[in-house]
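Here the structure comes first, spelled out in structure tokens, and everything after it is commentary.
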Amino acid sequence: MWLRNREGTEPLSARSPLGARRILSLVALLLGIAAAAFFAVRAASTGAEVWRWEAAIAALVAVVAAIDLMVLRRRRRDSGGHGGHQ
């Protein structure tokens, strides 16, 4: 019986959080790009240093989200495309 080989205390209906992580990363990527563009325009129009820092932080968020999406894509490909089941 397949239940004998289970290890740990996970429930039988446990689901991978990779779908939610993918959605959150996509939202962070889109918002990070939009915010970086907005802050860059503000920095160019006002010349204030604070807007440059805001643009850099937003761009960093977008880069981290893009890297996370690439990691999730690779995990999905390596696991056979079954949503991260291992």
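Condition check ((1) among the aromatic types (Phe, Trp, Tyr); (2) without any contact (Cβ under 8 Å) to a residue 40 or more places away in the chain; (3) farther than 30 Å from SER79 by Cα) across all residues:
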position: SER13; (1), (2), (3): no, yes, no
position: PRO17; (1), (2), (3): no, yes, no
position: ILE23; (1), (2), (3): no, yes, no
position: ALA37; (1), (2), (3): no, yes, yes
position: ALA43; (1), (2), (3): no, yes, yes
position: GLY47; (1), (2), (3): no, yes, yes
position: TRP51; (1), (2), (3): yes, yes, yes
position: VAL64; (1), (2), (3): no, yes, no
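Has region 5-18 got any residue that is at pLDDT 90 or above and assigned to a helix (DSSP H, G or I)?
The answer is no; no qualifying residue exists.
Does region 59-76 contain at least one residue that is not in a helix (DSSP H, G or I) and not small (Gly, Ala, Ser)?
no
Does region 33-48 hold any residues that are farther than 24 Å from ILE67 by Cβ, of a type outside the set (Val, Ile, Thr) and modelled with pLDDT of 95 or more, and which are they?
If the condition is that a residue be farther than 24 Å from ILE67 by Cβ, of a type outside the set (Val, Ile, Thr) and modelled with pLDDT of 95 or more, then ARG42, ALA43, ALA44, SER45 are the ones that fit.
The values are calculated or read from the model by the stated rules, or taken from the named source; none is laboratory data. Only a predicted model underlies this, so the values are computations on that prediction, with no experimental measurement involved. All Cβ positions, glycine included, derive from the backbone under ideal geometry; neighbour counts span all protein chains shown.
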